[in-house]
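Novice: Dropping the structure in here first, questions after.
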Amino acid sequence: MGKKLKGIGASEGIAVAKALVLNEEEIKISKTKINDITSEINKLEKAILASVDDLEKLRVSTLDKLGEEKAAIFDAHKQIAADPAMKDEMVSLITNDKVSADFAADKITNNYYEMFASMDDEYFKERSADIKDVANRIIKHILNIKIVDLSTISDEVIIVAEDLTPSQTAQLNKKFVKGFATNIGGRTSHAAIMARSLEIPAVLGLKTITNDVKTNELISLDGKSGIVEIELTDEDIKNYQTASDNFIKEKAELLKFKNEASKTKDGIKKLIEANIGSPIDVNSVIENGGEGIGLFRSEFLYMDNDHFPTEDEQYESYKKVVDAMEGKIVVIRTLDIGGDKKLSYFEFPHEINPFLGYRAIRFTLDRKDIFKDQLRALLRASAHGELGIMFPMIATVDEFLRAKAVVEECKLELKSEGIKYDENVLVGMMVEIPAAAVNADKFSKHADFFSIGTNDLIQYSMAADRMSENVSYLYQPLNPAILKLISLTIEGAHKNNKWVGMCGEMAGDIQALPILVGLGLDAFSMSASSILQARCLMSKITMKEAKELSIKALECQDTDEVIKLVDNFIEGI
């Protein structure tokens, strides 16, 4: 038996092929004083133009191979490359500190990279890879370093690299590239998203794979389990071929569920929706049969900008998503900024613990001008389809009522201006603070719906920062205490005939799904790529079985007991 290396399964599929280890030329940057400021600025400007030209070519080839949604990734990259605020900062550094263009580009882009990389939200955290990709391209053009072209690969290989950028992933030809494995990266990175679109198996976050494998060594890769195996025997190769055949059969089974309603084996209907961070993500929701959008993170509009977006700018984005979903519900979270999410154009006050400080609804209630611009845009978009407005980080009933009052104020303004909106627009809240879960029955008298944000609910309940490796073992979605808080939330909502969704990572967790069905969760919002698998599993479970399972899970002592319980349940269906 070969040696197994465990990483993060980012794109499903099984491959066996020779490794191609990418060893790119190292970019060496030093703080060099320069005399000719004009020459350095010219170098920078030429590099930016060359990068934009590269990215336009990538956009066109990606459009041809993968369609508009994936091509839009390179529209975003072009915007980063040509961002006037970022360029002005680079020019200012060259001019004032008399440093080289490559140093200035590296310094300024690294500031933006670190801001995104330090975020708790996985979607925004992974956007740091886009900034790094564009930055490296600009710097390579400045230094005349050759940019590797992976489209020229003409043998069957599994690519092994430190990381694959979105632009590199877009060049891959799946006829020859059977998979890729990297030291770093996660499921929500654009490289992972592109891999899933290309249907190329990928395992990321392997840490040392570039040292563990040599070019031309035969290796296997399982993009579902996150396992890369080296030092293969003939029996290993035969087993992987069988597993690959089984995977193809499973995939064909899942496709049957694309246009099916989400329901249990005994016909109890639920909603399986998707989380998105931008209008360009909508196509993936539709392609995977999403029955709505349970979370649209509106903060991307603010973070991908050099100013607070205007009411009209926001309206156009929200309308685009609502129109695309053609009457299916779109739940849009109001600005969830602060904590780990910063803005380049606004300085938040320094706090010892910003995650528990001036952020989300606390910020927008304080900055009513910013809040009203967003709420007016959301209300205007509600005229085009079913839209839910959702407030983040609600801790008290008073907070919710204050936020809802601002919505009513905006309604009156729009009415007096003769602007259309849905008078019955849904106004709900995130349940991510334990106090809100415990008090759910009180909140449900005023809120139209709840959406459980399990990422923060777990973090706050367990008093454990998810970003801290030292306490990461406490991030336990299936801990009985977390399940009790979820149960309280659902019971509290149903007491007043309100529905409950879930938009945290737990909603797409196959181990959690049977318990959540049993607890009475109404809507599951997850990564679009998880929808069909979740719908398939749901169709194999009766409500009676799920309820019995959830009762047993609540009685368990710890997470391990719950996991064993669920694993046995899934094996038996």
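The values are calculated or read from the model by the stated rules, or taken from the named source; none is laboratory data. Quick caveat, the model's predicted, so the values are computed rather than measured. Neighbour counts run over all protein chains shown; Cβ positions are idealised from the backbone, glycine included.
Novice: Given Ile48, Ile29, which one is over 30 Å from Ile230 (Cα atoms), part of a helix (DSSP H, G or I) and of a type in the set (Val, Ile, Thr)?
Specialist: Ile48 is the lone residue from the list that is over 30 Å from Ile230 (Cα atoms), part of a helix (DSSP H, G or I) and of a type in the set (Val, Ile, Thr).
Novice: Taking the residues in the range 496-519 that are assigned to a loop (DSSP other than H, G, I, E, B) and among the charged types (D, E, K, R) as candidates, determine which candidate is farthest from the chain's Cα centre (by Cα).
Specialist: Lys498
Novice: Just the residues that are aliphatic (A, V, I, L, M) and part of a helix (DSSP H, G or I), please, taken from the range 289-313. Spell out how you get there, then give the answer.
Specialist: Within the range 289-313, the first condition is being aliphatic (A, V, I, L, M), and the residues that meet it are 293, 295, 301, 303.
Those that are aliphatic (A, V, I, L, M) and part of a helix (DSSP H, G or I): Leu301, Met303.
Novice: So which pairs qualify, if the first residue must be in the range 413-429 and closer than 14 Å to Gly388 by Cβ, the second must be outside any loop (DSSP other than H, G, I, E, B) and small (Gly, Ala, Ser), the Cβ gap must be under 7 Å, and the two must be at least 6 apart or on different chains?
Specialist: If the second residue must be outside any loop (DSSP other than H, G, I, E, B) and small (Gly, Ala, Ser), the pairs left are Tyr421/Ser382; Tyr421/Ala383; Asp422/Ser382; Asp422/Ala383; Val425/Ser382; Leu426/Gly388; Gly428/Gly388; Gly428/Ser451.
Novice: Output yes when any residue across the range 164-179 is of a type in the set (A, V, I, L, M, F, W, C) and closer than 20 Å to Ser128 by Cα, and no when none is. Can you show your working first?
Specialist: Kept after step one, since they are of a type in the set (A, V, I, L, M, F, W, C), are these residues of the range 164-179: 164, 170, 172, 176-177.
Within this subset, residues satisfying the condition of being closer than 20 Å to Ser128 by Cα are 164, 170.
Scanning the range 164-179 turns up at least one residue that is of a type in the set (A, V, I, L, M, F, W, C) and closer than 20 Å to Ser128 by Cα.
Novice: Also, I was wondering about something else. Any residue at all in the range 541-555 that's closer than 26 Å to Ile248 by Cα and in the same structural domain as Gly290 (by TED's automatic domain parsing)?
Specialist: yes
Novice: Looking at the range 493-506, can you tell me whether even one residue there is buried (at least 24 other Cβ atoms within 10 Å of the Cβ) and over 24 Å from Asn288 (Cβ atoms)?
Specialist: The answer is yes, given that some residue of the range 493-506 is buried (at least 24 other Cβ atoms within 10 Å of the Cβ) and over 24 Å from Asn288 (Cβ atoms).
Novice: Can you name every residue in the range 474-506 that is at pLDDT below 95 and more than 19 Å from Phe391 (Cβ to Cβ)?
Specialist: Residues satisfying the conditions are Leu474, Tyr475, Gln476, Pro477, Glu505, Met506.
Novice: Is the range 329-346 home to any residue that is in contact (Cβ under 8 Å) with a residue 60 or more places away in the chain, within 25 Å of Ile73 (Cβ to Cβ) and of a type in the set (S, T, N, Q)?
Specialist: Yes, the range 329-346 contains at least one residue that is in contact (Cβ under 8 Å) with a residue 60 or more places away in the chain, within 25 Å of Ile73 (Cβ to Cβ) and of a type in the set (S, T, N, Q).
Novice: Regarding Ala10, is this residue surrounded by 18 or more Cβ atoms within 10 Å (Cβ to Cβ) and either in the same structural domain as Phe103 (by TED's automatic domain parsing) or within 30 Å of Gln241 (Cα to Cα) (or both)? Break it down into steps so the answer makes sense when it comes.
Specialist: Working: surrounded by 18 or more Cβ atoms within 10 Å (Cβ to Cβ): yes; either in the same structural domain as Phe103 (by TED's automatic domain parsing) or within 30 Å of Gln241 (Cα to Cα) (or both): yes.
Criteria met by Ala10.
Novice: Can you go through Ser51, Ser30, Ser61 and tell me which one is outside the structural domain of Met194 (by TED's automatic domain parsing) and surrounded by 19 or more Cβ atoms within 10 Å (Cβ to Cβ)?
Specialist: On the way: Ser30 fails: surrounded by 19 or more Cβ atoms within 10 Å (Cβ to Cβ); Ser61 fails: surrounded by 19 or more Cβ atoms within 10 Å (Cβ to Cβ).
Ser51 is the lone residue from the list that is outside the structural domain of Met194 (by TED's automatic domain parsing) and surrounded by 19 or more Cβ atoms within 10 Å (Cβ to Cβ).
Novice: For the structure I just gave you, tell me whether Asn216 is in the same structural domain as Ala546 (by TED's automatic domain parsing) and out of contact with any Asp or Glu (no Cβ under 8 Å at 6 or more places or on another chain).
Specialist: In short, no.
Novice: Among the numbered criteria (1) free of Cβ contacts under 8 Å to residues at least 24 places away in the same chain; (2) surrounded by 13 or more Cβ atoms within 10 Å (Cβ to Cβ); (3) of a type outside the set (A, V, I, L, M, F, W, C); (4) more than 26 Å from Gly185 (Cβ to Cβ), which single criterion is violated by Glu56?
Specialist: (4)
Novice: Let me ask something additional. For the range 472-495, name all the residues that are assigned to a helix (DSSP H, G or I) and closer than 14 Å to Cys556 by Cα.
Specialist: Pro480, Ala481, Ile482, Leu483, Lys484
Novice: From the list Asn259, Asn216, Asn246, which residue is out of contact with any Cys (no Cβ under 6 Å at 6 or more places or on another chain), part of a loop (DSSP other than H, G, I, E, B) and farther than 28 Å from Leu22 by Cβ?
Specialist: Among Asn259, Asn216, Asn246, only Asn259 is out of contact with any Cys (no Cβ under 6 Å at 6 or more places or on another chain), part of a loop (DSSP other than H, G, I, E, B) and farther than 28 Å from Leu22 by Cβ.
Novice: Let me ask something else. Does the range 445-461 hold any residues that are modelled with pLDDT of 95 or more and surrounded by fewer than 24 Cβ atoms within 10 Å (Cβ to Cβ), and which are they?
Specialist: Selection gives Lys445, His446, Asp448, Phe449, Ser461.
Novice: So which of Ile147, Ile142 ends up being closer than 17 Å to Lys46 by Cα, crowded, with 21+ Cβ neighbours inside 10 Å, touching a residue at least 40 places away in the same chain (Cβ under 8 Å) and among the β-branched types (Val, Ile, Thr)?
Specialist: Matching residue, one of Ile147, Ile142: Ile142.
Novice: Within the range 278-316, take every residue that is polar (S, T, N, Q) and either outside the structural domain of Phe346 (by TED's automatic domain parsing) or touching a strand residue (DSSP E or B) at 6+ places or on another chain (Cβ under 9 Å) (or both) and give me the one that is farthest from Lys368 (Cα to Cα).
Specialist: Among residues in the range 278-316 that are polar (S, T, N, Q) and either outside the structural domain of Phe346 (by TED's automatic domain parsing) or touching a strand residue (DSSP E or B) at 6+ places or on another chain (Cβ under 9 Å) (or both), the one farthest from Lys368 (Cα to Cα) is Asn288.
Novice: Residues being within 15 Å of Val330 (Cα to Cα), touching a Leu at 6+ places or on another chain (Cβ under 9 Å) and surrounded by fewer than 22 Cβ atoms within 10 Å (Cβ to Cβ): count how many of those fall in the range 278-305.
Specialist: Going through the range 278-305 one residue at a time, the tally reaches 3.
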